[in-house]
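This report refers to the structure that appears directly beneath it.
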């Protein structure tokens, strides 16, 4: 077993949960799900979007322009942020789902492209938004080198088989001084720290809630900066945030608990998400 970031074999078991094990590299700190526990890509079917994670994707359909939500506001705000660092040109969204963010970008003057593993979601993006979206994996997709001005990854990098290989590929298809956007879970958040505490107290359920089975990797600010530097990127902006409560997939009780935790995590600056903007060196 080797670390995907630093290739160290100095690995320890962090969590032994009911449905998966999570390990940690003792050299660089990258946390990852045991490969024997990684779920099949087949889970990203229509039910994944419309049933299992319906709250997370409730604003991701063709009628999104008639809706108001924190998720859609976040898309618009971060698109504006990216335009401060790059002229409008070719933008690629990895794990673009049904294509809402790319549709926003296209309507704002960008040339939008996407890659999405889900046949259902990629078909939807092509049919409903007329987007240029490839079905499949980035590492197998036929994309031009030195072509993209901006590449975005919304809740994507934690799902891949190898973040290092993905970032290396991104570096090749991105133009010189291209801009990379990443939003992912912060495992050094208040929720992550509480997961560690409860696990040591033999209460595993909280660690399972914080680490969904379909997340293969679990990042901290330090590890993200390290893995980006190793793959030819320099961080130019970083901030923390919380997932909109309305998009949490669990029921009322979990959402209420999240609201309480959000109050303290914002107070302590241990929010549960990290947003990074980096530039190709």
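The values are calculated or read from the model by the stated rules, or taken from the named source; none is laboratory data. All values derive from a computational prediction rather than experimental measurement. Please note: Cβ atoms are built from the backbone with ideal geometry, for glycine as well, and neighbour counts cover all protein chains shown.
Quick grid of which residues meet (1) at pLDDT below 95; (2) within 26 Å of residue 59 (Cβ to Cβ); (3) part of a loop (DSSP other than H, G, I, E, B):
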| site | (1), (2), (3) |
| --- | --- |
| 223 | no, no, no |
| 249 | yes, yes, yes |
| 253 | yes, yes, no |
| 261 | yes, yes, no |
| 271 | no, yes, yes |
| 276 | no, yes, no |
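Read through the list (1) surrounded by fewer than 17 Cβ atoms within 10 Å (Cβ to Cβ); (2) assigned to a helix (DSSP H, G or I); (3) free of Cβ contacts under 8 Å to residues at least 40 places away in the same chain, then give the number of the only condition that residue 168 fails.
Answer for residue 168: the failing condition is (3).
In the range 186-212, what residues are under 14 Å from the mean Cα position of the chain (by Cα) and either free of Cβ contacts under 8 Å to residues at least 24 places away in the same chain or more than 15 Å from residue 14 (Cβ to Cβ) (or both)?
Within the range 186-212, 186, 212 qualify.
Can you pull out every residue in the range 86-109 that is buried (at least 18 other Cβ atoms within 10 Å of the Cβ) and either out of contact with any strand residue (DSSP E or B) (no Cβ under 7 Å at 6 or more places or on another chain) or farther than 17 Å from residue 125 by Cβ (or both)?
Matches in the range 86-109: 86, 98, 100, 103, 104.
Does any residue of the range 217-235 turn out to be on the phi > 0 side of the Ramachandran plot, touching a residue at least 24 places away in the same chain (Cβ under 8 Å) and surrounded by 15 or more Cβ atoms within 10 Å (Cβ to Cβ)?
Yes: one or more hits.
Can you report the number of residues in the range 242-278 which are free of Cβ contacts under 8 Å to residues at least 40 places away in the same chain and surrounded by fewer than 16 Cβ atoms within 10 Å (Cβ to Cβ)?
Looking only at that region, the number is 13.
For residue 104, work out the one condition from (1) without any contact (Cβ under 8 Å) to a residue 60 or more places away in the chain; (2) within 23 Å of residue 51 (Cα to Cα); (3) in a helix (DSSP H, G or I); (4) within 21 Å of the chain's Cα centre (by Cα) it doesn't fulfil.
Checking residue 104 against (1) without any contact (Cβ under 8 Å) to a residue 60 or more places away in the chain; (2) within 23 Å of residue 51 (Cα to Cα); (3) in a helix (DSSP H, G or I); (4) within 21 Å of the chain's Cα centre (by Cα), the one that fails is (2).
Give the residue, chosen from 51, 98, 68, that is free of Cβ contacts under 8 Å to residues at least 60 places away in the same chain, part of a loop (DSSP other than H, G, I, E, B) and more than 18 Å from residue 155 (Cα to Cα).
68
Could you pull out the residue among 118, 122 that is without any contact (Cβ under 8 Å) to a residue 40 or more places away in the chain and either closer than 24 Å to residue 162 by Cβ or touching a strand residue (DSSP E or B) at 6+ places or on another chain (Cβ under 6 Å) (or both)?
After ruling out the rest, the residue left standing is 122.
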